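No value in this document is a laboratory result; all are computed from the given coordinates. Note that this is a predicted model, so its numbers are computed, not measured. When we count neighbours, we look across all protein chains shown, and the Cβ atoms used for this are built from the backbone with ideal geometry, even at glycine.
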Amino acid sequence: MGRRLAPWAGVAAWLAVGLAAAALGGCHPGRGPAAVDGARLLAADQDPGNWMSHGRTYSEQRFSPLDKINTSNVKDLGLAWSFELSTNRGVEATPIVVDGTMYMTSAWSMVYALNAKTGQLLWRYDPKVPREVGHNACCDVVNRGVAVWKGRVYVATLDGRLVALDAKTGAPVWSVVTVDQSKPYTITMAPRIVHGKVMVGNSGSEYGVRGYVSAYDTDSGKLIWRFFTVPGDPSKPFENQAMAMAAKTWNGVWWTFGGGGSPWDSMAYDPETNLLYFGTGNGLPWDQKARSPKGGDNLFLSSIIAVNADTGAYAWHFQTTPGDSWDFDSTQTLTLADLTIGGQPRKVIMQASKNGFFYVIDRASGKLISAKNYVPVTWASGVDPVTGKPIEIGDDHYRKAPTVMFPSSFGGHNWQPMSFSPKTGLVYLPAQEVPGAYGTDDKFAFNPGQWNTATNTDLNTLPPDAKARAAMKNAFKGYLVAWDPVSQKEVWRAEHKGPWNGGTLATGGGLVFQGTADGHFNAYDAANGHPLWSTDTYTSTLAGPMTYTVDGQQYVAVGAGFGSVFYLVAGFAVDLHGTPDNGRILVYKLGGTATLPKPNLTPIPFPQPPKATAAADVVTAGHSKYNRYCLVCHGYNAISGGVTPDLRYSALIGDPAAFKSVVLEGARKDAGMVSFAGVLKDSDAEAVRAYLISEANAGYAQAKAAGK
């Protein structure tokens, strides 16, 4: 019963390569599709009409020098064309545009090649990811884009494959499995390519995996190197000295869980040092007491790591959250820049980490330059400038739980990419304030392939009355922040209606573009934050925007589509009506006159549920089981965010046999609802059903009281 969101620098000798591209406005139909190589990527600033890699350049600044759309004329921006994608799940990809062709992905790792001027479909590739793999994806079945190289398009699929496609036809050239598919690995990130090697990480740190980054030969798919992010079984030889070093910071039997540390999103590359940078995720389980009982930093969890791009050899690391117990991944955008700090030129890497602190780090040595909180932080008073470690305050890793703190596992900043403008010297980041409750699960038992956090999921419960829930929802905040990384302070902000808003794009026209969760795409003055333009997208618009030219015309593009983890988990905080449409790619130009169909906002009537007859203790037990196994997809108190079915509406809750067939027998496995027979007994399933009936009755009563 899905429901709709209401509108709420390179090497000097190579720089000459690609100058012709700039002269022809980014369109070279005679050169062949996806004609990108290392020299051309290094010269990307001389070829601004194209967007050839995930963050446009190896530095991942997401700044485009294009200025035909600027502060004086952005008010005339209109829709040039749109293309409807094949799925109604989250859209998180940044399009790649090379010589007039756009390459885009949607949910379930589908790939599209489009005419970048008209939106005409050239080809479509469906990797046919088994839908039951969706159970292993903590944060929706999304994909964040492709990489292109020498006539091929590379996509990492949700089920752990890396596939090379012919850029002209979309036909697979080779495919390799990058993970142990018997384990709950997934991949949602966009690959990156350096020196003929395609790099990709993986996801799964909540379920039972050991994270790593792999590099494959772009021609053959042969594995060249692999860097693990956490140590394995210490009774066996370590893969390298870095793993031996990391193992000294762990204790207990962490390797039996996997350890976590999945590098699931960010990467950047510095051609001067030949270092590849990537961020790593949380530990498995979240609560350090369950994975490393005597503490320790637990390297390389929640860290920024630098390795030699050719060999994968360890160079340095900086851990943003030692011994992380809060799901404070360090996988947010990694941005390289040259700044003047204290009167001295510094080559830095920057991150607005999930933990609430903005880090500026020397990218050659990994030494901390500065760190300051960019959102309210209640778990630490600051970052020690000498050790680089947060100065933790309050409850020590929620030993006196429940502990409510800012940020939460949603982060002060999450995967939505930030941008940096060399013109203003400012970073533009989507920031948010979402509190979280943490507490230890004293009855924790590791279940491979299930949600394993060792936290007390019974804390994930909404207040019983509507007013209290509304107050909780109103406590959630989101805003666009312009941040000065030199002085480490906010310069301006643009307030939004709530959290979980889109990535940003900065341009030479003095603009910052950002989509919002309430169904808009906006442009701001990069210098002062004044709003200059806004348009309805009719759905949450979260992906990183980009810009390009074809035949001298500048376009701005963004992916729009309802989904992502916030809508899976926190449906109560999202205004919903109707049924979500498929995602779209939206492309704008000056004077554009195309239109989007307006959504049907007719609310779905709340059906009268079965009578609640179960005993209170059964409902309570069902609530606990629901929180442990169902909440991550179906939301707090069974209030769906519109991505997956709202179980309060389901006819299944009135039919014990049918409910059991789905929950325990896998009757809807092909739709992504796997069997939970390995962790739930018949009585457990019946208790969950009783809980859902209770919530359905509560929702029905509230709807009746509101006249809906």
Next item on the list: Name the residues whose placed amide hydrogens come within less than 5 Å of the amide hydrogen of S675, ignoring near sequence neighbours (fewer than 5 apart) on the same chain.
Entry: G666
Note to self: Give me the extension gain from D682 to D219: residue separation times 0.36 nm, minus the current Cα-Cα distance, reported in nm with one decimal.
What the structure shows: 161.6 nm
Check: Once both labels are modelled 7 Å past Cα along the beta-carbon direction, what's the A244-M472 spacing in nm?
Finding: 5.0
Next item on the list: Mind running the shape call on segment 144-282? Use the C-alpha gyration tensor, a ≥ b ≥ c as the square roots of the eigenvalues: rounded below 1.5 for a/c, prolate if a/b tops b/c, oblate otherwise.
Entry: prolate
Check: Tell me, in nm to one decimal, what length is gained between K611 and V177 on full extension, where the rule is 0.36 nm per residue of separation less the Cα-Cα distance?
Finding: 151.4 nm
Notebook entry, point to check: Over segment 294-364, what is the mean sequence separation of C-alpha contacts under 8 Å (at least six apart), divided by residue count, expressed as relative contact order in percent?
Noted result: 23
Checklist line | At R0 = 22 Å, FRET efficiency that the Cβ-Cβ distance of N582 and D655 yields, to 0.05 | finding: 0.15
Item checked: In segment 106-173, the trypsin sites (Lys or Arg not before Pro) that fall in loop regions by DSSP, at most 11 other Cβ within 10 Å -> K128
Check: Given H placed 1.01 Å from N in the peptide plane, which residues other than close sequence neighbours of A526 have an amide H under 5 Å from its amide H?
Finding: L511, V512
Next item on the list: Step through the residues of segment 436-448 one at a time and calculate ³J(HN,Hα) from phi using the Karplus curve (6.51 cos²θ - 1.76 cosθ + 1.60, θ = phi - 60°), rounding each to whole Hz and writing x for Gly and Pro.
Entry: x, 9, 10, x, 6, 8, 5, 9, 4, 9, 5, 10, x
Checklist line | Links that overshoot a 27 Å alpha carbon limit, given the list K222/K367; K68/K423; K389/K443; K197/K389; K400/K473; K117/K497 | finding: K222/K367; K389/K443; K197/K389; K117/K497
Margin query: Let me check against my output: what whole-number percent is the relative contact order of segment 616-705, with C-alpha pairs under 8 Å and at least 6 apart?
Written below: 35
Check: Taking square-rooted eigenvalues a ≥ b ≥ c of the alpha carbon gyration tensor, is segment 617-708 rounded, prolate or oblate, where a/c under 1.5 means rounded and, failing that, a/b exceeding b/c means prolate?
Finding: prolate
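Could you tally up the Lys pairs in segment 616-705 with alpha carbons closer than 23 Å? Skip any pair fewer than 8 positions apart unless they're on separate chains. Walk me through the numbers on the way to the answer.
Working: K625/K660; K625/K669; K625/K681; K660/K669; K660/K681; K669/K681.
Lysine pairs meeting the criterion: 6.
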Item checked: Hits among aspartates and glutamates - C-alpha to C-alpha of K611 under 17 Å, sequence gap 8 or more where chains match -> D655, E686, E695
Check: Roughly how many nanometres apart are two label points built 7 Å out from the Cα toward the Cβ at K347 and A39?
Finding: 2.2
Notebook entry, point to check: Of the trypsin sites (Lys or Arg not before Pro) in segment 245-302, which ones lie in a loop per DSSP and count no more than 10 other C-beta atoms within 10 Å?
Noted result: K294
Notebook entry, point to check: Which order, highest average first, do 174-183, 510-519 follow once you tally other Cβ atoms within 10 Å for each residue and take the mean per peptide?
Noted result: 510-519, 174-183
Notebook entry, point to check: Rounded, prolate or oblate: which one fits segment 443-483, using the alpha carbon gyration tensor with axes a ≥ b ≥ c (rounded when a/c is under 1.5, else prolate when a/b beats b/c, else oblate)?
Noted result: oblate
Notebook entry, point to check: Based on the mean of other beta carbon atoms within 10 Å per residue, what is the order of 540-548, 525-533, most packed first?
Noted result: 540-548, 525-533
Margin query: I need the phi-derived Karplus couplings for segment 614-626: 6.51 cos²θ - 1.76 cosθ + 1.60, θ = phi - 60°, integer Hz, Gly and Pro marked x.
Written below: 6, 5, 4, 5, 5, 4, 4, 5, x, 4, 5, 5, 4
Note to self: Cut-off 19 Å, label point 7 angstrom out along Cα-to-Cβ of K294: give me the residues of segment 311-350 whose amide nitrogen falls inside.
What the structure shows: 323-324
Checklist line | Chain lengthening between A313 and V486 when straightened (0.36 nm per residue, less Cα-Cα) | finding: 59.2 nm
